[in-house]
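K.L.:
Have a look at this one.
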Amino acid sequence: MKRFIFAAFLLPVLVFGQGTKSKNMAASSHGFSVSNKKLFIYTTAENSNLRLSLTDSASFSDLPQPVETQVCVFVDPSKTFQSILGIGGALTDASAETFARLSKEKQQELMTAYYDKEKGIGYSLARTNINSCDFSSDTYTYVDDNDKSLKTFNIAHDQKFRIPLIKQAMAAAGGKLILFASPWSPPAWMKTNNSMLHGGKLKPEYYQSWANYYVKFIKAYEAAGIPIWGLTIQNEPMATQKWESCVYSADDERIFLKKFMGPTLQKNGLGGKKIIVWDHNKDLIYQQASTILSDPDAAKFVWGVGFHWYEDWSGGEQMFDNLKRVHEAFPKKNLLFTEGCNGPFSFDSLSSWGLGERYGRTMINDFNNGAVGWTDWNILLDETGGPNHVQNFCFAPVHADTRTGQLIYTNSYYYIGHFSKFVKPGAKRIISSPSRSALLSTAFINKDGKLVIVVMNQTAQKIPYKLWIAEKAADVTALPHSISTLVL
């Protein structure tokens, strides 16, 4: 597959005037002047060689009032919403083991492709697993059986593959990566089913030991040179899976958080770590979040609510309105997409355009409904969609064919890049409103004043439209089955 060089994507610095909320701004202009400024358009499109390619530029002209027959994307930079934490992917055992099988040259290529802010797509956010998960080659924990005091705790398993990968990713990202960690299961002996697999629940007599486990993990990783920004309490707490899993009702999670995990982190000087609840699909998110966040003694420990996209695994519509409900009810808490991938895996489908379109559609809707960040699942998998010790093989944005040593970039990589490369941490979402349902869009203003508008066309038709900002408009064309990032 053709590799594209990103060095050409150096963006001109165009800084707007002071602030976005001045009371002295004229209503007609919102305080922003687009006159004499160029709009730069980057495109990825099906049936073309365009992959995050600078395809066009446009200028603005007067258009005080569009007419109903004109297709428009309306952008209002004066209306700002959530600040963006970052965008990235998970650094799992599977990714690390596959990465270790690559040549040094290909390893560097992958690190540049994901984490370099100029030559790559500038990932700034990451997730990793506590104990094993399905995307591990085996089932493991960090302690011996029945060690309630955790005296045997050590992370030697992770030192072989995963910690070296995380350190390389941190270095490639400029020395800093926002990293949060999630457990798939406590050790088997702490659980009602005496297994890390197939669900089961954490026994109440081990609540304190399990809370201490998070402390041990954080301190061990930080001693190894890897800062942990935050934690989710449990990956997919309402799922009984054939892989590592542990079931918590909303009330279980609420009690564990307020009586054990939250106080234990505080007592150990880790009260600044961000705690994320739920970490599962959007179907039950309101009931779960509201049960926890309606309890002040639990809510005080919560930074945000994590969510996945698998409620539409069989092809149905994702339940984006449920995100809105949580955001409306608890506007001071953050929404963070913590995992998503395409599957089941088929090597013959690596070129499928639908892989990327699912990412584009989801990211636009998630951000528009309040998400502050977005975390893909494995950054890298092999030619089987693994390794995975329970044969739960999936797609990643990049696959390594370990038979040939080559990297295969799916279009998901480019679709994610249309956000992660241009929307910087600290950006604020702004209003973006298409006049036709065929176009999906979201928009942001970076801290340096650049506007970033993402427009996606899921149809097989070319759609000319006008980007309208403060009574000025620029002519743009959305190619069939494409995503574009417009930078002003």
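Derivation of every value follows stated rules applied to the coordinates shown; laboratory data play no part. Remember, it's a predicted structure, so these values are computed and weren't measured experimentally. Ideal geometry is used to build each Cβ from the backbone, glycine not excepted, and the neighbour counts take in all protein chains shown.
K.L.:
For the modelled label position 7 Å from the Cα of LYS219 along Cα-to-Cβ, which residues of region 265-280 have backbone nitrogen atoms closer than 16 Å?
P.N.:
It comes to 265-273, nothing else.
K.L.:
Give me the three principal axis extents of region 333-419 from the C-alpha atoms, as integers in angstrom, largest value leading.
P.N.:
That gives 44, 26, 19 Å along the principal axes, largest extent first.
K.L.:
Take every DSSP beta bridge with both residues inside region 86-420 and express the antiparallel ones as a percent of the total, to the nearest 5.
P.N.:
Taking every DSSP beta bridge with both residues in region 86-420, the antiparallel ones total about 15 percent.
K.L.:
Using only Cα atoms, locate the centre of region 106-139 and the centre of region 235-282, then give the distance between them in Å, rounded to an integer.
P.N.:
24
K.L.:
Could you state the angle between the C-alpha long axis of helix 162-172 and the longest principal axis of the C-alpha atoms of the chain, as a value from 0 to 90 degrees rounded to the nearest 10?
P.N.:
For helix 162-172, the angle is close to 30 degrees.
K.L.:
In addition: State, as an integer percentage, the relative contact order of region 221-333 based on alpha-carbon contacts under 8 Å between residues 6 or more apart.
P.N.:
The normalised contact order for region 221-333 reaches 26 percent.
K.L.:
Right, another one. Taking the radius of gyration and the Kirkwood hydrodynamic radius from Cα positions alone, what is the Rg/Rh ratio for region 27-167, to two decimal places?
P.N.:
Taking Rg over the Kirkwood Rh, I get 1.18.
K.L.:
Moving to a separate point now. With a Förster radius of 22 Å, plug the Cβ-Cβ distance of LEU63 and LYS447 into 1/(1 + (r/R0)^6) and report the FRET value to the nearest 0.05.
P.N.:
0.15
K.L.:
To the nearest 0.05, how large is the calculated FRET efficiency for LYS160 and LYS201 if R₀ is 41 Å and r is the Cβ-Cβ distance?
P.N.:
About 0.85, to the nearest 0.05.
K.L.:
Something else about it: Relative contact order for the chain using alpha-carbon pairs under 8 Å, separation at least 6, rounded to a whole percent?
P.N.:
22
K.L.:
Under a plain spin-label model, where a point goes 7 Å from the Cα along Cα-to-Cβ, how far apart in nm are ASN194 and ALA171?
P.N.:
The two pseudo-label positions are separated by 4.6 nm.
K.L.:
Run through all the Cα pairs of the chain and give the fraction in each 10 Å bin from 0, expressed as whole percent.
P.N.:
4, 20, 30, 25, 14, 6, 1, 0
K.L.:
For region 324-454, give me the percentage of DSSP beta bridges that are antiparallel, rounded to the nearest 5 percent.
P.N.:
Antiparallel: roughly 65 percent of the beta bridges in region 324-454.
K.L.:
Another question, then. Roughly how many debye, to the nearest 20, is the charge dipole of the chain about its Cα centre, given +1 on each Lys and Arg Cβ, -1 on each Asp and Glu Cβ, and no other charges?
P.N.:
1500
K.L.:
Another question about this same structure. List the aspartates and glutamates whose alpha-carbon lies under 13 Å from that of LYS258, not counting same-chain residues fewer than 8 positions away?
P.N.:
Qualifying aspartates and glutamates at Cα under 13 Å: ASP295, ASP297.
K.L.:
Taking a virtual spin label 7 Å from the Cα of SER290 along the C-beta vector, which residues in region 343-374 bring their backbone nitrogen under 20 Å of it?
P.N.:
Hits in region 343-374 for SER290 at 20 Å: 369-371.
K.L.:
Separation of region 420-488 and region 31-92 by C-alpha centroid, Å?
P.N.:
A separation of 3 Å, based on Cα centres.
K.L.:
Still on this structure: By average Cβ neighbour count within 10 Å, what is the ranking of 342-352, 189-199 from highest down?
P.N.:
189-199, 342-352
K.L.:
My understanding is that a pair violates if its Cα-Cα distance is over 22 Å; which of LYS106/LYS450; LYS203/LYS259; LYS216/LYS267; LYS450/LYS472; LYS191/LYS216; LYS148/LYS219 do that in this structure?
P.N.:
Among LYS106/LYS450; LYS203/LYS259; LYS216/LYS267; LYS450/LYS472; LYS191/LYS216; LYS148/LYS219, the Cα-Cα distance tops 22 Å for LYS106/LYS450.
K.L.:
Please give the contour-minus-distance gain from ALA460 to ASP145: 0.36 nm per residue of separation, less the Cα-Cα distance, rounded to one decimal in nm.
P.N.:
The ALA460-ASP145 span can extend by a further 107.7 nm.
K.L.:
With a sphere of radius 13 Å drawn around the Cβ of GLY89, what net charge do the other residues whose Cβ falls strictly inside it have (Lys, Arg +1; Asp, Glu -1)?
P.N.:
Around GLY89, the charge tally is -1.
K.L.:
Tilt of helix 320-329 relative to the longest C-alpha principal axis of the chain, in degrees (0 to 90, nearest 10)?
P.N.:
Helix 320-329 sits roughly 80 degrees off the main axis of the chain.
K.L.:
Further, regarding this structure: Hey, if you put +1 on the Cβ of every Lys and Arg and -1 on every Asp and Glu Cβ in region 86-420, which of ILE364, ILE233, GLY88 ends up farthest toward the positive end of that dipole?
P.N.:
Checked the options; the winner is ILE233.
K.L.:
Oh, and also: Find which of VAL302, ALA329, THR291 sits farthest along the positive direction of the dipole of region 287-337, computed with +1 on the beta-carbon of Lys and Arg, -1 on that of Asp and Glu, about the Cα centre.
P.N.:
VAL302
K.L.:
Another one. Divide by every residue of the chain the summed helix terms, -39500 (n - 2.57) for each DSSP H run of at least 4, and state the resulting mean residue ellipticity at 222 nm, rounded to the nearest 500 deg cm²/dmol.
P.N.:
Taking each H run of at least 4 residues, the total per residue is -7000 deg cm²/dmol.
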